[in-house]
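Participant: My questions all concern the structure below.
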Amino acid sequence: MQIKLIGTPSTKEEFEAMFKAYREYFEEHLKAVCNSFCDSGAKYKALYDAAAYSLEAGGKRIRPVLAFEMCRVCGGDPSDALPAAIAIEMIHTFSLIHDDLPCMDNDDMRRGRPSCHKAHGEAVALLAGDALTAYAGKIICDSSLSADKKAAMIQVLYDRTIGMIEGQTIDIDGNFDTLDGLISMYEMKTSELLTAACVMGCIAAGADKKKISAATAYAHELGLAFQIVDDILDVTSTSEELGKPVGSDEEQNKTTSVTLLGLEKSKELAEKYTHGAENALAEFDDTEFLKKLTDLLLSRKK
């Protein structure tokens, strides 16, 4: 299957068609990967059933789409970013599996259905997350990319994964006296994996350092806007809309942008970072899709 793109999307309908094309391409190849998990023997079935359960649960697939589109705007073939797209979604999924565990956020629902540990047991869920962390690197290593691109992608993927894990560790504390401290944690917890997706897309296209730097700046600002919108939705949305519990931040007495600034100021801050992300795209040509995606993430309801 090839990615069927229409070029620069000038309308909402064209943007949605392009987003759908990216997602359909990704889902087909992700399913093939999930189907291949147990080729080495049925004794691992419980582990990989749990991994596939969470990988195939849907979600927005923002990170894979960013990898594809960054590759395209850097002059590459988006399909060259497929290993990066699958790898980053594996890392993201591992983080969600572990985040939902009783020792972390203790959430019973994810994407509208039982969390991995509720469906497959706590121990198997923990190990499924571990397996996805390792498998992400294997996906890149086993790809047809050049050795140089593989090495660069793996370094970015795991550097940023460590940053995300450090951010999650800080978040366990849940209490911050200043907005600067909170934003510093969000930079790690959320911006890191978005950065990995964007930069790996650039690497797939053979982009230069200037474009990689711009992609990094874009993802940094996008991640901050994304996380602040998450804070807002935790107090304004419903469990049915989000597909996961709402109000968990308050229950766990966590400091968020909403508890520090209030709802309206948080919305203003999310808009500020959204504009910052869009400004960072000036280094690229043909950025209409990325701008529309950035605006969509600001106004999302889930």
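Participant: When a/c is below 1.5 the answer is rounded, else prolate if a/b is larger than b/c, else oblate, so apply that to the range 95-205 with a ≥ b ≥ c taken from the square roots of the Cα gyration tensor eigenvalues.
Facilitator: Oblate.
Participant: Rounded to the nearest 0.05, what FRET efficiency do Asp142 and Thr11 give with R0 = 51 Å and r taken as the Cβ-Cβ distance? Could you check?
Facilitator: Computed FRET efficiency for Asp142 and Thr11 comes out at 0.85.
Participant: Further question on the same structure: By how many nm would the segment from Lys60 to Lys118 grow when fully extended, if each residue of separation counts as 0.36 nm and the alpha-carbon distance is taken off?
Facilitator: 18.7 nm
Participant: Which sequence of Tyr218, Tyr53 reflects their accessible areas, 1.4 Å probe, from the largest down?
Facilitator: Tyr53, Tyr218
Participant: Net charge within 14 Å of Met18 by Cβ-Cβ distance, Lys/Arg positive one each and Asp/Glu negative one each, not counting Met18 itself?
Facilitator: Spelling it out: positives minus negatives among the neighbours equals +1.
Participant: Full extension from Asn253 to Lys265: what is 0.36 nm times the residue separation minus their Cα-Cα distance, to one decimal in nm?
Facilitator: Roughly 2.3 nm would be gained on extension.
Participant: Another question, then. Test of understanding: express the Cα radius of gyration of the chain as a ratio to 2.2 N^0.38 Å, with N the residue count.
Facilitator: 0.96
Participant: Report the relative contact order of the chain, percent, no decimals, based on alpha-carbon pairs under 8 angstrom and at least 6 residues apart.
Facilitator: After rounding, I find 20 percent.
Participant: Give me the dipole magnitude in Debye, nearest 20, for the chain about the Cα centre, with unit charges on the beta carbon: positive for Lys and Arg, negative for Asp and Glu.
Facilitator: 800 debye
Participant: Another one. Over the range 87-245, average the accessible area per residue using a 1.4 Å probe and give it in Å², no decimals.
Facilitator: That works out to 41 Å² for each residue.
Participant: Continuing with the same structure: Quick one, could you list the DSSP H helices from the chain stretching 27 Å or more along their long axis (Cα atoms) with average Kyte-Doolittle hydropathy of 0.0 or above?
Facilitator: Membrane-span-like by this criterion, though nothing is claimed about a membrane: 122-141, 209-236.
Participant: At a 1.4 Å probe radius, carbon and sulfur cover how many percent of the accessible area of the range 35-184?
Facilitator: Heavy-atom surface of the range 35-184 belonging to carbon and sulfur, 1.4 Å probe: 53 percent.
Participant: Mind checking the dipole of the range 103-157: about its Cα centre, +1 per Lys or Arg Cβ, -1 per Asp or Glu Cβ, Debye to the nearest 20?
Facilitator: 220 debye
Participant: Compute the FRET efficiency between Met104 and Asp286 as 1/(1 + (r/R0)^6), taking r as their Cβ-Cβ distance and R0 = 35 Å, and round to the nearest 0.05.
Facilitator: The calculated FRET efficiency here is 0.30.
Participant: Taking the Cβ of Thr287 as the center, what net charge do the other residues with Cβ under 11 Å away carry, scoring Lys and Arg +1 and Asp and Glu -1?
Facilitator: Net charge around Thr287: -3.
Participant: State the Cα centre-to-centre distance between the range 98-128 and the range 144-162 in whole Å.
Facilitator: 28 Å
Participant: For Glu24 and Asn279, what is the calculated FRET efficiency with R₀ set at 35 Å and r taken between the beta-carbons, to the nearest 0.05?
Facilitator: E(calc), rounded to 0.05, equals 0.70.
Participant: Once the dipole of the range 149-302 is set up with Lys and Arg at +1 and Asp and Glu at -1 on Cβ about the Cα centre, which of Ser191, Thr256, Val235 lies farthest towards its positive end?
Facilitator: Ser191
Participant: Per the helix-only calculation at 222 nm, which mean residue ellipticity applies to the chain, given -39500 (n - 2.57) for every DSSP H run of n ≥ 4 and division by its residues, nearest 500 deg cm²/dmol?
Facilitator: -22500 deg cm²/dmol
The values are calculated or read from the model by the stated rules, or taken from the named source; none is laboratory data. Remember, predicted model here, so these are calculated numbers, not experimental data. Glycine also receives a Cβ, built like all others from the backbone with ideal geometry; neighbour counts cover every protein chain displayed. For the accessible areas, the whole protein counts, side chains as well, though only heavy atoms, and no ligand, DNA or RNA atoms are used. Shrake-Rupley method; radii C 1.70, N 1.55, O 1.52, S 1.80 Å.
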